[in-house]
1. Does I254 fit the bill of being farther than 21 Å from N133 by Cα, modelled with pLDDT of 95 or more, touching a helix residue (DSSP H, G or I) at 6+ places or on another chain (Cβ under 7 Å) and surrounded by fewer than 23 Cβ atoms within 10 Å (Cβ to Cβ)?
2. Going by the conditions given, is L295 over 18 Å from A219 (Cα atoms), crowded, with 23+ Cβ neighbours inside 10 Å and outside the structural domain of P132 (by TED's automatic domain parsing)?
3. When you go through E269, E274, E247, E263 one by one, which is the residue that is closer than 28 Å to S29 by Cα and outside any loop (DSSP other than H, G, I, E, B)?
4. Quick one: is T367 buried (at least 16 other Cβ atoms within 10 Å of the Cβ), over 26 Å from L199 (Cα atoms) and touching a residue at least 12 places away in the same chain (Cβ under 8 Å)?
5. Cβ-Cβ under 6 Å, sequence separation 6+ or interchain: first residue in segment 322-337 and among the hydroxyl-bearing types (S, T, Y) and part of a helix (DSSP H, G or I), partner buried (at least 23 other Cβ atoms within 10 Å of the Cβ) and at pLDDT 95 or above. Which pairs?
6. Go through segment 212-251 and give me each residue that's touching a residue at least 60 places away in the same chain (Cβ under 8 Å) and surrounded by fewer than 19 Cβ atoms within 10 Å (Cβ to Cβ).
Amino acid sequence: MKVGEITKKRILVLENAVDVTGGLKSILSSSIALSNHFEFIFLLPTNTQCAAYVRNRGFLVVEFPFKEINRTIFSWIIYLPSLLINTFKLKKLVRERKIDLLIANDFYNLLPSAFHFLGGKIPYVCFVRFLPNRFPRLLVSAWQNCHIRFASTLIAVSNSVKNQLIVNEKLEVIYDGLPENFNVMSLPIPKATLPSNTLLYLSNYIEGKGQDLALKSFAGLACKYPLWKLRFVGGDMGTIKNKVYKESLMKSAIEMKIQEQVEWGAFAEEVIQEYKAAAIVLNFSNSESFSLTCLEAMAAGRPVISTNSGGPSEIIVDRESGILVPVGDIPAMTSAMDYLMGDPDSCEKIGIAAFHHVRKKFSQENTIAKLQEAYLKALAIV
């Protein structure tokens, strides 16, 4: 090291998603923006697609045998022994890599808490990227109590998340900011017609994400708008359950006799072109802690129709920068789609309003400044 050179603090990001998710994309985006201030290393599950995705963005990746609790009895039996073993592995890794700060990229990852319980001294910050009411209250309370005891800061990605947690001085809200490649986009040039006849649904194929509702809503309009198509883009995360769900969706499209107006796209690493090629973006999820899809679509100047499922209500101003519909309400979804599909002027007006709204409320600069402050506070630098 040269004289006067400042060594950047080294941060280990613990992310146990098995495929690319909105949460992973968000922490990657902020890590890229903060790479001049900190050195980030990502701890990711072994043998998943995430590793290549993160490495391609210039970060060092260490693969790790994370274990999660699911609905099987076996997962509960092996969880605590696995957590204990992984805690010792983490302690060794922290020592060898000279880690200064840990980041748990979601609430249910108790590895940093166990690390502290067994004597670890490295501070950590924990993100909460899901709506707590999706899980049993006792389980959520246990998770939060662990993090409140050991974490420096808990970061909820929306007020919808924060309001479902126990009030605590360690808990704060920091919205995900616009990814840099969306931040620099220019406003779409006004046109007399819509950019396409495509309704885009960008989400991994997971039950509860709402693709089934989009199919049913579109089925009621397909004959009225024969030139329109519904395009799904997303991955199955390599799980049998998600593959079966996607197959059921494709079968439903055939049964509804709309298969010729439905497209099935795979996971896309770069989604900007998908948004540019769409006229309207849909998100009918049952539960959203934030919604990177809504944020990105609006940043691309596209009108979004979304369920009022948590986070989207903090991103969209209803009937101004998008349209909110009740969760599971197919008639409302169909009506909103019909309104925008049949009115190019309103579609364009809402898209332009969305473009400006997200840049004002979710600027990357504001998010990065708050995250940097949280990390420095945890490191006891400020």
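1. Criteria not met by I254.
2. yes
3. E274
4. Against the criterion (buried (at least 16 other Cβ atoms within 10 Å of the Cβ), over 26 Å from L199 (Cα atoms) and touching a residue at least 12 places away in the same chain (Cβ under 8 Å)), T367 qualifies.
5. Cβ pairs passing all conditions: T334/S217.
6. K216, G220, K224, Y225, G238, T239
This table checks each residue for (1) under 18 Å from F66 (Cβ atoms); (2) within 22 Å of the chain's Cα centre (by Cα).
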| position | (1), (2) |
| --- | --- |
| I85 | yes, no |
| S113 | yes, no |
| G120 | yes, no |
| Y124 | yes, yes |
| N145 | no, no |
| I148 | no, no |
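Let's see how each residue does on (1) buried (at least 21 other Cβ atoms within 10 Å of the Cβ); (2) at pLDDT 95 or above; (3) farther than 18 Å from E15 by Cα; (4) among the charged types (D, E, K, R):
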| position | (1), (2), (3), (4) |
| --- | --- |
| V62 | no, yes, no, no |
| E68 | no, no, no, yes |
| I73 | no, no, yes, no |
| L90 | yes, yes, no, no |
| E96 | no, yes, yes, yes |
| N133 | no, no, yes, no |
| S158 | yes, yes, yes, no |
| Q164 | no, yes, yes, no |
| E169 | no, yes, yes, yes |
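The values are calculated or read from the model by the stated rules, or taken from the named source; none is laboratory data. Just so it is clear, the model here is predicted, and its values are computed rather than measured. Positions of Cβ are backbone-derived with ideal geometry, glycine not excepted, and every protein chain shown enters the neighbour counts.
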